[in-house]
1. Of the residues that make up segment A:79-95, is at least one touching a residue at least 60 places away in the same chain (Cβ under 8 Å), out of contact with any Pro (no Cβ under 9 Å at 6 or more places or on another chain) and hydrophobic (A, V, I, L, M, F, W, C)?
2. Check segment A:179-189 and report whether any residue there is buried (at least 17 other Cβ atoms within 10 Å of the Cβ) and free of Cβ contacts under 8 Å to residues at least 24 places away in the same chain.
3. Looking at B:Ala275, B:Ala247 in this structure, which one is at pLDDT below 95, away from every other protein chain (no Cβ under 12 Å) and crowded, with 19+ Cβ neighbours inside 10 Å?
4. Might you check whether a residue that is outside any helix (DSSP H, G or I) and aliphatic (A, V, I, L, M) occurs anywhere in segment A:150-171?
5. Based on what the data block shows, is A:Ala24 touching a residue at least 24 places away in the same chain (Cβ under 8 Å) and under 23 Å from B:Val240 (Cα atoms)?
6. Restricting to segment A:233-257, what's the tally of residues that are closer than 11 Å to A:Gly22 by Cβ and touching a Ser or Thr at 6+ places or on another chain (Cβ under 6 Å)?
7. Can you tell me which residue among B:Gly47, B:Gly58, B:Gly83, B:Gly78 is within 25 Å of B:Ala246 (Cα to Cα) and under 13 Å from the mean Cα position of the chain (by Cα)?
8. If a residue has to be without any contact (Cβ under 8 Å) to a residue 40 or more places away in the chain and assigned to a helix (DSSP H, G or I) to count, how many in segment B:102-139 make the cut?
Amino acid sequence: MDNIVFSIGITALAGALATVAGAAEDVESDIGSQGDPNSQVQLAPQMGYIHRIYNKAIAGEPPAWGLWIALGAGIAWAFMAMQINPILAIVLGAGLATFVQGVYSTTAYLGRTASLSKFGQPVYIDIIKSMTTVTMAHAFVAIFATVTLCHLMNAALGHPFPLPLLGLVWGIALGAAGSATGNPYYGKERQYQTQNFGAGVPISASGNIVRYAEAGERNSLDNGFFTAKLGGPASGVCFGLIVFLELWRTVLFEKIGAGWGAIIVGVIIILIFTIIDRYIEVWARKNYGPYTKPEETSS
Amino acid sequence: MSVKVEVIEGGVPHQKILIAGLVLAVIGLYLSYLNVIVGTQMFAFFGGLAAIAALVWGSHTIKVLASYGIGTGVPSAGMIAFGSGVIAFLFATKYGVLAPIVAIVLAAVIGAILGYLANEVLSMHIPVMIKSLTEMAVVGALSLMGFSAMITGSFAFSPQGSFIFSLTTGSVKVLGMSLPSYQSSYIGGALIATVFLLGAIAIQHGFNACLGPGWKQDRMLMLVAECGFLSMMMCAIMSVALISLAAAILSFIVGLLGWYYTYTKYIELSKRDAAAWLDAKPIPEVEGH
């Protein structure tokens, strides 16, 4: 019994860490316009819309975050193998992984922007100086929290995978959660605030992202400020729920039927979420959607 | 049938980069084998240099492949290179001193099969697909082998000699005694997962970051070398757990010097190619908007 109480405590702690990590990850990628909104930021100068938005394309979010977390975990593993205190090892691993993330961000912005010289998009050095550091700060929070939860799984819950492999798996999951939850909010709500709600992005509006702020010109810090309110926490809740429910079902139901209990509960959780998602989708369309029939959307 | 949308204008032809990358990678790997011959760990950094040579070649292969209009698949090319390369690498480590040659041959076979499946079964019909995926698999295997040699001291599974170079057995100190441990080894501790991504992101980042109408070959290759040296620095830090401190520090210094040189060079090249280089300036007025 004590063992289960302990495991549930670790599960709750891991879920909380994952929530923080998800929120930080999404704000980081929104400031850098990584993930799917990147296509519009990349397209804008080609359509004549020169902008001052950070364009840091480092693979997709899942592979990039797979690297940051696996690197943080790998360095932490190496330091722990040298008998260094785990907390110090994780801090050092997260710090070095953040350095790599910062270097990749600057080279991605310089490369993408220099290749758009034909369209007159200049390289803004102040963007690199002010925004890379902000994304690095968010990345550090996300990497530290995720490597810590991987270490908790390995050391406290006795997960058989070594730390770097857990880092790879959960890093890809973290990137996927942020990319799927928070980025559409940034891409459709922030970049296309000039469009009517629910209008989508017609071809004629491609690249016509919002470039001017209430006063002056908009940069990516404004986007981070905007998405920190809803998009980031939503990604955090998404990743937190993934980690929490995954550990919760394993801790409680693994003993039933030689592991099959956890698998069956996992399938039931997926079915419950599918029903909830469908309900929310229908409800949102009924209440907000200007399009009641699919034919009208094609016009 | 895919249409070739971009051509490589000027610059070094692909064939030259292929040969240079392959030869340099093999030479680097065999220089790291001096560890076993001389009985030291100081030559581990040659493995990292071999991996960088392979990465530079691989990124140009991605450019050749991606010029057939699969722009969104650039990161996946890095993944398939290392995914197919890791099989050849792990199998080849059984062959001791012949490991790099076995890895090249086996990776080429695996890559050719994957290319055939992509072209004929999945009906992609890209003319350079089979050749490119063959190259990618060889690049993946050689890069993994290079970084592995750098972290563990040798690319072979269990070479002869008094030194314990092994991919699957490490050692733990218990009460002052050194005991073998599978968990604290390169593969048992899954450091290979970190190296996999360090290489896979580095190989695709060059073209992914520099693609566009203003693509320049020298800028892209410089960026890949920069990513490679950055990965090498991180591998050197992780190697502290498995090889001697002096060898790890030597690897780190070589990586740091290479990284600093390529990073400053890359910024210079970006400055050369950029439309303008502005600091805290407003958006320039463009006609019509």
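1. Residues of segment A:79-95 touching a residue at least 60 places away in the same chain (Cβ under 8 Å): A:80, A:86, A:90.
From what is left, the residues that are out of contact with any Pro (no Cβ under 9 Å at 6 or more places or on another chain) are A:86, A:90.
Remaining after also requiring hydrophobic (A, V, I, L, M, F, W, C): A:90.
The answer is yes; a qualifying residue exists.
2. yes
3. On the way: B:Ala275 fails: away from every other protein chain (no Cβ under 12 Å).
Testing whether each residue is at pLDDT below 95, away from every other protein chain (no Cβ under 12 Å) and crowded, with 19+ Cβ neighbours inside 10 Å leaves just B:Ala247.
4. Step one: list which residues in segment A:150-171 are outside any helix (DSSP H, G or I), which gives A:156-162.
After this cut, where a residue has to be aliphatic (A, V, I, L, M) as well, the list is A:156-157.
Within segment A:150-171, one or more residues are outside any helix (DSSP H, G or I) and aliphatic (A, V, I, L, M).
5. Values: touching a residue at least 24 places away in the same chain (Cβ under 8 Å): yes; under 23 Å from B:Val240 (Cα atoms): no.
The answer is no for A:Ala24.
6. First, pick out the residues of segment A:233-257 that are closer than 11 Å to A:Gly22 by Cβ: A:233-243.
Right, trim to touching a Ser or Thr at 6+ places or on another chain (Cβ under 6 Å) and you get A:234-236, A:238, A:240.
Residues flagged as closer than 11 Å to A:Gly22 by Cβ and touching a Ser or Thr at 6+ places or on another chain (Cβ under 6 Å) within segment A:233-257 amount to 5.
7. On the way: B:Gly58 fails: within 25 Å of B:Ala246 (Cα to Cα); B:Gly83 fails: within 25 Å of B:Ala246 (Cα to Cα); B:Gly78 fails: within 25 Å of B:Ala246 (Cα to Cα).
Only one candidate passes the filter, namely B:Gly47.
8. Start the filter on segment B:102-139 by keeping residues that are without any contact (Cβ under 8 Å) to a residue 40 or more places away in the chain, which leaves B:102, B:105-123, B:130-131, B:134.
Add one more test, that the residue is assigned to a helix (DSSP H, G or I), and what stays is B:102, B:105-121, B:130-131, B:134.
Total satisfying the criteria: 21.
The values are calculated or read from the model by the stated rules, or taken from the named source; none is laboratory data. Since we're looking at a predicted model, the values are computed, not measured. Using ideal geometry, Cβ is built from the backbone for each residue, glycine included, and neighbour counts are taken over all protein chains shown.
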